[in-house]
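S.K.: First the structure, which I've put down as structure tokens, then a few questions once you've had a look.
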Amino acid sequence: MKLWVILTAFLLCFTAMPSSATVEIPAGTVSSYSLNISGETYVLTGDVDASATAFSVDADNVTFDGKGHTITFAQNTAGSGILSSVKNDIVIKDVTINQKNKSIASAYGICLVDCDNVSILNATVDVYKGAGIYAKSASSHVNIRDCNISSNIHGIFAADSQYIMVNGSTLNSTKTNSIRLSNSGYCNFSGCECNSTNIGINLNGGSNNNTFTDCIVSTVFGDSIDIKASNNNTFLRCNTSAIGKNNGISLVNSSWNAFTDCVSIAEYGLGINITDSCDNIFNGCTVNVIEDMPIMITNSTNKFSNMSVFSTRASAPHDSKHILTVGDSITKGVGVNHGLGYGAYLNATLNAHSPTWYVSNVGIGSTTAAQGRVTFPQWLDIYNPNIVLIMYGQNDISAGRSEQDIINDILWMAQEATNRSITPYILTTVPISKNNYKRISLNDNLTTQAELAGISVIDTYDSVDLSPENGVRDGYDMNNSRDDGIHPNSAGYTLMGNYVAKHILASVYPNTDFISNVTSEKTPLNVTSTDKSTEPLTSWNWLWKWHIFNN
């Protein structure tokens, strides 16, 4: 075959191949500009503005290249910067999308309705009353990378959608959520920074099987991570920081979520707050709070391992002799020493004798022994103490529970500790202003059955009654109680703390005389605030400065 024939055939084939077209969009005003030719690349050559929606993707396989230019939309009525419905294979890149008129509601930077296989790359979005990126109605396989998304409402909002992939992006919300997933699953967020005035990451309404890796979440008035009715989500190496009285991580009615090597810092809230949620897994996590409980568990059973927790109330792990106090509001210490109760005096008295002790307090108000039995194994998993002090009964009696049921629950907890080579002590209920016969009966029978089981009992009732430490459970002493007639005051907690310390020291150091070094007038805990403007919130140094015990 001659050469010219071959070249002619080649040229005919080449010219018959479809070419990729480019449409240039000049600067100026647009109104729902339709990107409606499949295979086209639409390129901005200047900034544009729109009264409502700026652009509408109305065909499959469309690329929109902003070339670094700006779309200003929703200047007069509601709309979106870029809107697409039931279209697939879309690329949006290198564009800034702004809503400047803050009085316009329902404005979305990029709105996807039932769209599949969408890539949003290197986009900056700033909207006010709406979501920066809104994926809804079965949208899927949306890839968002290297974007900066800001909104007064939601940074990214996915509803009834799946496979939303976000990588290396900053997501800000000045009012609601940095990320909100509602009934959305199999989404993946990696290397994202989430900053929100309210909730950082919000999963609800059956948002299952999502993964968050190496994300940083900071909030002011809401929880950093809030999970409701959502399961099987995974958080790996995520760091949360919650300012104010909100929580680092909150789970409600959610199960089978896993947190691995995560850090949760809360200023005045809880590091982890779990309610009605079971079978969640926390492994290798660090929880750091100031005054409150590092971890709160309500009506839930979960798995904890290799935890590091820090607060003025409870911390772990410890190389020193570690005591954990569990119980109700009397253990918690209602109204005394920032809620540290007798444990604070116990800690100070033990350390005055030998500075090798640490007392953690996980007492929770209104708790019964039945409720304590549910959380007890989890407390042992988290804190792994050498000694545990168990004090329940007051609320059980008020709830009308049978005496034997109360005793069974308390003895079960003591046996659970023994099975883990943790030494349990059972503390008796303390007297109240009236009707102490039920408490005396419970204390008598609990003591008898505990001793038969080989479990030590410390009679804290006798430490604060009318004749302390006389071996008789006699009357109520108002001088040792608050005005409510139920909870001890500082004097009562001092007596309890010293009395418990006396028994523990006698067991650990049997040949040493006990000397009480602490009185209610010499408070063992001093809480001193530091100038947080000189140290970052994420610094743990200033948190430790709150934990100062005096002899």
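No lab work stands behind these numbers, since they all come straight from the coordinates. Since the structure is predicted, the reported quantities are computational estimates derived from the model, not experimental observations. So basically every Cβ, Gly included, is an ideal-geometry build from the backbone, and we count neighbours across all protein chains shown.
S.K.: Relative to the Cα centre, what is the charge dipole magnitude of region 321-526, using +1 at the beta carbon of each Lys and Arg, -1 at the beta carbon of each Asp and Glu, and rounding to the nearest 20 debye?
M.R.: My answer is approximately 380 debye.
S.K.: Do me a favour and compute the ellipsoid semi-axes for region 396-470 from its Cα gyration tensor, root of five times each eigenvalue, largest one first, whole Å.
M.R.: Output for region 396-470: semi-axes of 22, 16, 9 Å.
S.K.: Moving on to the next point. So what does the Cα-only Debye profile of region 34-96 read at q = 0.12 Å⁻¹, as log10 I(q)/I(0), no solvent term?
M.R.: -0.27
S.K.: Mind sorting LEU452, LEU44, LEU505 by how few other Cβ atoms lie within 10 Å of their own Cβ, fewest first?
M.R.: Taking fewest neighbouring Cβ atoms as first place, the list is LEU452, LEU505, LEU44.
S.K.: Pop the C-beta distance of PHE221 and THR275 into the FRET formula with R0 = 22 Å and round what comes out to the nearest 0.05.
M.R.: On the way: r = 19 Å, r/R0 = 0.88.
It comes to 0.70.
S.K.: Now for a separate question. Add +1 for every Lys or Arg and -1 for every Asp or Glu among the other residues with Cβ under 12 Å from the Cβ of ASP116, and state the total. Mind dumping the intermediate values first?
M.R.: Numbers: positive: LYS87; negative: ASP60, ASP89, ASP114.
Within the 12 Å Cβ shell, the charges total -2.
S.K.: Post the alpha-carbon centroid distance, region 280-337 to region 161-215, in whole angstrom.
M.R.: Between the Cα centre of region 280-337 and that of region 161-215, the gap is 28 Å.
S.K.: I've got another one for you. List the aspartates and glutamates whose alpha-carbon lies under 15 Å from that of LYS332, not counting same-chain residues fewer than 8 positions away?
M.R.: GLU291, ASP292
S.K.: With 10 angstrom as the radius, rank TRP412, TRP256 by how many other C-beta atoms surround their C-beta, starting from the fewest. Provide the component values of the computation, followed by the final result.
M.R.: On the way: TRP412 14, TRP256 17.
Ranked by crowding around the Cβ, least crowded first: TRP412, TRP256.
S.K.: Quick one: helix 341-353 against the long Cα principal axis of the chain, what's the angle to the nearest 10°, folded into 0 to 90?
M.R.: The two axes meet at around 70 degrees.
S.K.: Can you pull the three principal axis extents for the Cα set of region 36-165, in Å, largest first?
M.R.: Taking the Cα atoms of region 36-165, the three principal extents are 34, 33, 25 Å.
S.K.: What list of ³J(HN,Hα) couplings, whole Hz, do you get for region 323-333 from phi and the Karplus terms 6.51, -1.76, 1.60, once you set θ to phi - 60° and write x for glycine and proline?
M.R.: Karplus-based 3J(HN,Hα) across region 323-333 equals 10, 10, 9, 10, x, 9, 5, 6, 5, 4, x Hz.
S.K.: Set the Förster distance to 35 Å, then compute FRET efficiency between HIS318 and GLU469 from the Cβ-Cβ distance, nearest 0.05. Intermediate results must be reported in sequence, preceding the final value.
M.R.: Numbers: r = 30 Å, r/R0 = 0.85.
Calculated transfer efficiency: 0.75.
S.K.: Additional query: Add +1 for every Lys or Arg and -1 for every Asp or Glu among the other residues with Cβ under 15 Å from the Cβ of VAL464, and state the total. Each step should come with its number before you reach the end.
M.R.: Working: positive: ARG439, ARG473, ARG482, LYS502; negative: ASP459, ASP462, ASP465, GLU469, ASP474, ASP477, ASP484.
That sum, taken over residues with Cβ under 15 Å, equals -3.
S.K.: If the viscosity is 1.002 mPa s and the temperature 20 °C, what Stokes-Einstein diffusion coefficient in µm²/s follows for the chain when Rh is the Kirkwood radius over Cα pairs?
M.R.: Numbers: Rh = 26.6 Å.
Answer, rounded: 80 µm²/s.
S.K.: How many percent of the alpha carbon pairs in region 470-516 exceed a separation of 17 Å? Spell out each step's value before the answer.
M.R.: Details: 510 of 1081 pairs.
Considering region 470-516, 47 percent of its Cα-Cα pairs are separated by more than 17 Å.
S.K.: For THR211 and ASN445 in one chain, what is 0.36 nm times their gap in residues minus the Cα-Cα distance, to one decimal in nm?
M.R.: Working: separation 234, 0.36 × 234 = 84.24 nm, distance 5.14 nm.
Net length gain for the segment: 79.1 nm.
S.K.: Which of the three applies to region 162-265, rounded, prolate or oblate, going by the alpha-carbon gyration tensor with a ≥ b ≥ c and a/c under 1.5 meaning rounded?
M.R.: Values: a/c = 1.37, a/b = 1.22, b/c = 1.12.
Rounded is the answer for region 162-265, as its axis ratio a/c remains below 1.5.
S.K.: Fewest to most neighbouring Cβ within 10 Å: what's the order for MET307, MET391? Can you show the working numbers first?
M.R.: Numbers: MET307 20, MET391 27.
Starting with the residue having the fewest Cβ neighbours, the order is MET307, MET391.
S.K.: Net charge near CYS262: determine it from the other residues with C-beta under 13 Å of the C-beta of CYS262, scoring Lys and Arg +1 and Asp and Glu -1. Before the final figure, lay out the partial values.
M.R.: Numbers: positive: ARG237; negative: ASP214, ASP261.
Result for the neighbourhood of CYS262: -1.
S.K.: Using the crude model of +1 on Lys and Arg Cβ and -1 on Asp and Glu Cβ, and no other charge, please compute the dipole size for the chain relative to its Cα centre, in debye to 20. All intermediate terms of the calculation are to be shown ahead of the outcome.
M.R.: Numbers: 30 positive and 46 negative charges, 109 e Å.
Dipole of the chain, to the nearest 20 debye: 520 debye.
S.K.: Please give the FRET efficiency for ASN299 paired with THR29, using the beta carbon to beta carbon distance and R0 = 41 Å, rounded to the nearest 0.05.
M.R.: Numbers: r = 58 Å, r/R0 = 1.41.
Calculated transfer efficiency: 0.10.
S.K.: Another question about this same structure. Are there any trypsin sites (Lys or Arg not before Pro) in region 42-113 that are in a DSSP loop and have at most 16 other Cβ atoms within 10 Å? List them by number. Don't skip to the end; give the middle numbers.
M.R.: On the way: sites: LYS67, LYS87, LYS93, LYS100, LYS102; in loops: LYS67, LYS87, LYS100, LYS102.
Those satisfying the criteria are LYS67, LYS100, LYS102.
S.K.: Greater than 29 Å separation of Cα atoms is the criterion. Which listed pairs, LYS136/LYS228; LYS136/LYS245; LYS93/LYS129; LYS321/LYS434; LYS93/LYS136, meet it?
M.R.: Flagged as over cut-off: LYS136/LYS245; LYS321/LYS434.
S.K.: Can I get the semi-axes of region 321-526's equivalent ellipsoid? Compute them from the C-alpha gyration tensor as square roots of 5 times the eigenvalues, in angstrom, largest first. Write down the numbers at each step before the final one.
M.R.: Details: eigenvalues 98, 87, 53 Å².
For region 321-526, the semi-axes come out at 22, 21, 16 Å.
S.K.: Using 0.36 nm times the number of residues separating GLN404 and SER51, minus their current alpha carbon distance, what extension gain do you get? It would help to have the intermediate numbers written out before the result.
M.R.: Working: separation 353, 0.36 × 353 = 127.08 nm, distance 7.37 nm.
Once the chain is fully extended between GLN404 and SER51, it gains 119.7 nm.
S.K.: Provide the per-residue ³J(HN,Hα) series for region 45-57, in order, calculated from phi with Karplus coefficients 6.51, -1.76, 1.60 and θ = phi - 60°, each as a whole number of Hz, with x at glycine and proline positions.
M.R.: Residue by residue, region 45-57 yields 10, x, 6, 10, 9, 9, 5, 10, 6, 8, 10, 10, 8 Hz.
S.K.: Using only Cα atoms, what Kirkwood radius does region 315-409 have, in angstroms? If you can, show how the numbers build up before the last one.
M.R.: Details: mean 1/r = 0.0724 Å⁻¹.
About 13.8 Å for region 315-409.
S.K.: Taking Rh as the Kirkwood radius, which is the inverse of the mean 1/r over Cα pairs, what is the Rg/Rh value for region 244-313? Walk me through the intermediate numbers first.
M.R.: On the way: Rg = 11.0 Å, Rh = 11.7 Å.
So for region 244-313, dividing Rg by the Kirkwood Rh gives 0.94.
S.K.: Compute the relative contact order of the chain as a whole-number percentage, counting only Cα pairs closer than 8 Å that sit 6 or more residues apart in sequence. List each step's numbers first, then the result.
M.R.: Details: 1565 pairs, mean separation 32.1, N = 551.
In percent, rounded to a whole number, it is 6.
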